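Working notes for the structure below.
What follows is calculated from the coordinates using simple rules that are stated; it is not laboratory data. Since the structure is predicted, the reported quantities are computational estimates derived from the model, not experimental observations. So basically every Cβ, Gly included, is an ideal-geometry build from the backbone, and we count neighbours across all protein chains shown.
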Amino acid sequence: MSHQAIYRKFRPKTFDDVLGQEHVTRTLKNQIMTDNIAHAYLFSGIRGTGKTSTAKIFSRAVNCLNNHDGNPCNECEICKSILNETNMDVIEMDAASNNGVEDIRELRDKVKFLPVKSRYKVYIIDEVHMLSKGAFNALLKTLEEPPEHLLFILATTEPQKIPATILSRCQRFDLKRIKSDVIVENMKSICKEIGIEYDEKALSLIAANSEGAMRDAQSILDRCISFNEDKIDYETVINLLGTVNYQVVLEAANYMVDKDIKSTMVLVDDILNRGKEILSFLDELIVCFRNMLIIKTTGLTDNIIRMSEEEAEDLKKLSNRVSVDEIVEFIEDLSSAQLECKRALNPRVLLEAKLIKMLNKVENINIDSLVNRIEELENRIKNGNTATVIKTKSSAGRHVVAETRKRSATSENVSSPENFEIKKQDTSEKFVKEKQFENKSDEAIYNAIINNWQAILKKVRSENAGLQAIIRESRLHEVKNKKAVFEFDPKFTFHINAANQPKNKVKFKEVLSGILNEECEVEFTIKKDEKPIKTKHTIEDIYEDVVREFGEEIVEFKQED
Ligand SMILES: Nc1ncnc2c1ncn2[C@@H]1O[C@H](COP(=O)(O)OP(=O)(O)O)[C@@H](O)[C@H]1O
Ligand SMILES: [Mg+2]
Ligand SMILES: [Zn+2]
């Protein structure tokens, strides 16, 4: 069966055959039944949703001698003549090819004549946005004073390109994208009628690739049939669309959740080399994360997620490994990447850069917290020429090496330079788990606040910019019994009062405790005298701290000579 055959054979013949556009067809049928017909109509909507079909049906319905509830009978002499294109009173024009002033002038001259045998003379102008400016003006003249017998039906995919003067003279109907299940049902009945077997999954995949345009779905179906005449199956659809197999998208999502840049890039390279379009790959990835989000937040796996049970099960497993926030972030980042790729001269490079940035972003948080902890440890190692090297290898197989060196020699307790090498196999999990920094000492809290001060201010600003403006004038004075005391210069009385308001204190405490992973009270006072905290450490203390932070099995302690 050829493409044209399905397309022709299944063009809707009555309003009731136009699927998914009931909001339009109901009104049109009503107008016909109550004989309340306007002179100009505009049907807009994306391609393949039924604009031209509805226009043709309407042209018969207004002239039919034997109307059924507003539908054309398609049997009477008039209906038949319109269907076989021998009726001179129904004129179809494609504005894409007849877009000049001359064409419309000619039309204007002709509209004066009464219809030959029908009630209405109907002009269907398809893709009307293609008319030239002059042609629009000429058309406008006719629309301003239309003769009784005249009916214009305009159709367009781009209504925004139509002058307001024309729009205001038309009754406008927007045809919607057609829902997947409606498209699937339509394909099923087509398959039954032409006697071909099908796989439900295959039809769902076709519908998912048609973007709500029935015509697209039908033409994919057509190509599948010529590809494999026995049956429409999933593999055929995948081969034909050059579409990424769902499993491959899932694999990509898995690597992304793991922040595995290397595997993601290798897979993307493979997908694109196989001829997959960047934009549709991104689209599928976005849909995948969207489905993950729905499954994670609602537990629903049917209906709003059009996929097989096994696929939903896979997604569910994956969604357990990632937070809602992270999924949302992926969706946002992928969507903006998609927009930018559309405009990019080299979308592939942009895609790769965006993916790396995306996967690095989350990794950065780990690096940051790692660095903070290194600094915290470092503070305890108050000794000269001490080098702390912390190597981590994430599950993704990348290495993060943070190296810091102390230059000053201040402490009296540790005599020789130390070298700690800490190897860690999988940091990511541990970092997530280690929310409870059990009983940090006051000194550790003090150091953590000092080391994270910019991050704390940034977080406060994101929650309450006014509060940040106040707090940034304060200085940490001391930490005692897990209470952090902040001082203001005496000139900042307003700030002290504002900072001490209970709701501000609560907010600040919340931020602080969140960043430090430690419940910590706060207080604001006026500056009196300076009293920095100084505590001494022996090398054993430091060793204990390091082991506590990273675990005995991964810490190797070497004394250099
Ligand atoms: N709403 C619909 N219901 C049923 N079939 C449709 C619908 N929209 C489009 N089709 C199918 O797609 C084909 C092209 O539709 P058409 O009306 O020309 O779309 P448009 O003018 O919006 O691009 C039709 O012949 C029909 O087979
Ligand atoms: Mg059309
Ligand atoms: Zn009829």
- Based on the alpha-carbon gyration tensor of the stretch 1-89 and its eigenvalue square roots a ≥ b ≥ c, which shape applies: rounded if a/c is under 1.5, prolate if not and a/b is larger than b/c, or oblate? oblate
- Message: Give me the net charge for the shell around S474: Cβ to Cβ below 10 angstrom, other residues only, Lys and Arg +1, Asp and Glu -1.
- Response: 0
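Averaged over all directions, how much area does the convex hull of the C-alpha atoms of the stretch 3-174 cover when projected, in nm²? Could the numbers behind the result be given before it?
Values: hull surface 37.6 nm².
The Cα convex hull of the stretch 3-174, projected and averaged over all directions, gives 9.4 nm².
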- Query: Taking R0 as 56 Å, what's the FRET efficiency between S132 and S462 from their Cβ-Cβ distance, rounded to 0.05?
  - Reply: 0.60
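Local charge sum around P502 (other residues, Cβ-Cβ under 13 Å, Lys/Arg +1, Asp/Glu -1)? Let's see the in-between values first.
Values: positive: K503, K505, K507, K509; negative: E510, E521, E523.
Residues close to P502 contribute a combined charge of +1.
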- Query: Can you pull the Kirkwood radius for the stretch 182-299, inverse mean 1/r over Cα pairs, to one decimal in Å?
  - Reply: 15.4 Å
- Query: Among the lysines in the stretch 3-174, how many pairs, 8 or more places apart or on different chains, have alpha carbons under 12 Å apart?
  - Reply: 5
- Task: Label the stretch 87-127 by shape, choosing from rounded, prolate and oblate, from the square roots a ≥ b ≥ c of the eigenvalues of the Cα gyration tensor; if a/c is under 1.5 it is rounded, and otherwise prolate applies when a/b is larger than b/c, oblate when it is not.
- Result: oblate
- Item | Under-25-angstrom lysine pairs by C-alpha in the stretch 246-343, whenever the two are 8 or more apart or on separate chains | 12
- Message: Given points 7 Å out from each Cα along the Cα-Cβ axis, report the D17 to K491 separation in nanometres with one decimal.
- Response: 8.4 nm
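Based on Cβ point charges of +1 for Lys and Arg and -1 for Asp and Glu, what charge dipole magnitude is obtained for the stretch 246-343 about its Cα centre, in debye rounded to the nearest 20? Write out the running numbers ahead of the final one.
Working: 12 positive and 20 negative charges, 26 e Å.
I would put it at about 120 debye.
Report the net charge of residues surrounding L140, where surrounding means a beta-carbon distance below 13 angstrom and charges are Lys +1, Arg +1, Asp -1, Glu -1.
Working: positive: R105, R108, K133, K141, R169; negative: E144, E145.
Counting the neighbours of L140, the net charge comes to +3.
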- Note on the structure: With a Förster distance of 41 angstrom and the Cβ-Cβ distance between K361 and E473, calculated FRET efficiency to the nearest 0.05 equals 0.85
- Query: Which ordering of C76, C224 is given by a fewest-first count of other beta-carbon atoms within 10 Å?
  - Reply: C76, C224
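With a Förster radius of 51 Å, plug the Cβ-Cβ distance of E85 and V266 into 1/(1 + (r/R0)^6) and report the FRET value to the nearest 0.05. Could you put the intermediate results ahead of the total?
Working: r = 56 Å, r/R0 = 1.09.
The pair E85/V266 has a calculated efficiency of 0.35.
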- Task: Rounded to whole Hz and in sequence order, give me ³J(HN,Hα) for the stretch 165-175 from the Karplus expression 6.51 cos²θ - 1.76 cosθ + 1.60, θ = phi - 60°, writing x for Gly and Pro.
- Result: 4, 6, 3, 5, 9, 10, 7, 9, 10, 9, 8
- Query: Between T27 and L167, what is the label-to-label distance in nm when each label sits 7 Å out along the Cα-to-Cβ direction?
  - Reply: 1.5 nm
